[in-house]
């Protein structure tokens, strides 16, 4: 088994209320004389139940965005600043030296070669022979995916320790891609009504995603930091539904980068839930009524409600997901780790209690983790 010893989260300095972000988008459409019902922007920005979000780069240049090269450079540097602080705080909390970490795992959509994990080693004095694992292309599922893969690793290396960090600069789309994409599609709309659904999808994703980092320290069962009372990963399950790659992801388009989040996702969530969770619980002779703590990625209100309805949960069971969505929005792979951090900071369940950690991502795929205290 793998033990979760400590967690930490961190955020960039810029925080914008949902009203400020919606207003910026409306003003852009007015300035560009785009013929579109701007009340649609306010409606979707309200419907996602988010109060505000952190941005890696400020909105100061929203009407005159910098070039792609400058944005890419600033994103890498500023993400590393947040990651460095978050991981340093994690190591301090656990009172472990960087040199004593055996393995480092990173999950992010930041396009950087060398990756953020290699760059972090030049800032934090990990051992130069540390084993690294870089996870890419898993999007919002990255936090859960990383925990599960590290747990697999620690089963074979029970005396070792591992650090996972996640960081997603989703707000980078506001540095030109979002503006160009909406301008292009809204100008085409009169001649091509078929782009309307893509416009709505672009507005919804602009309303949902924010930035944030999270990190987790895990150890094998024979490591000195493995102690009673800590949550341990008992087991995990993965599922990927065939022919669903179009539902979620991030595409390169002529105007830059576009977030993909099709409205059918909530339906596929319900299908995948049982394919993932039912066999996981069955293998341990458990049922959902034995789960005392639910740590679920809040992809959006529809996703949370789908999980709640499918398992007949009381709303309080997923309050952590609702709170995270309101406080920071969907911060992609970091979100479920943010909820885990909040959960571990509060009162812990009785010894022997079970929890489920769940996230979904492109593919369409899901990762479920069975925890026990």
Exposure proxy order (Cβ contacts within 10 Å, fewest to most) of 32, 185: 32, 185
Based on DSSP, what percent of beta bridges with both residues in the stretch 2-220 are antiparallel, to the nearest 5? 65 percent
Stokes-Einstein, Kirkwood over Cα pairs, the stretch 1-135, 25 °C, 0.890 mPa s; D in µm²/s equals 137 µm²/s
Please arrange 254, 181 by how many other C-beta atoms lie within 10 Å of their C-beta, fewest to most. 254, 181
Quick one: give the max-minus-min coordinate of the C-alpha atoms of the chain along each principal axis, largest first, in Å. 64, 47, 36
Pseudo-spin-label distance residue 1 to residue 77, built 7 Å along Cα→Cβ, given in nm, is 4.6 nm
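Based only on other Cβ atoms within 10 Å, what is the fewest-to-most ordering of 145, 55, 311? Write down the numbers at each step before the final one.
Working: 145 27, 55 23, 311 18.
Listing 145, 55, 311 from fewest to most nearby Cβ atoms yields 311, 55, 145.
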When only C-alpha pairs under 8 Å and at least 6 residues apart count, what is the relative contact order of the chain, in percent? 26 percent
Roughly what % antiparallel, to the nearest 5, for the DSSP beta bridges in the stretch 232-372? 80 percent
Could you work out how far helix 265-282 tilts from the main Cα principal axis of the chain, as a 0 to 90 degree angle to the nearest 10? 10 degrees
Most fluctuating residue of 176, 229, 210 in a GNM of the chain with Cα springs under 10 Å: which is it? 229
Modelling each spin label as a point 7 Å along the Cα-to-Cβ direction, I'd like the residue 191/residue 59 distance in nm, to one decimal. 3.3 nm
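Each value in this text was obtained by applying a stated rule to the coordinates, not by laboratory testing. Quantities reported herein were computed from a predicted structural model and do not represent experimental measurements. Here Cβ is always computed from backbone atoms with ideal geometry, including for glycine, and neighbour counts include all displayed protein chains.
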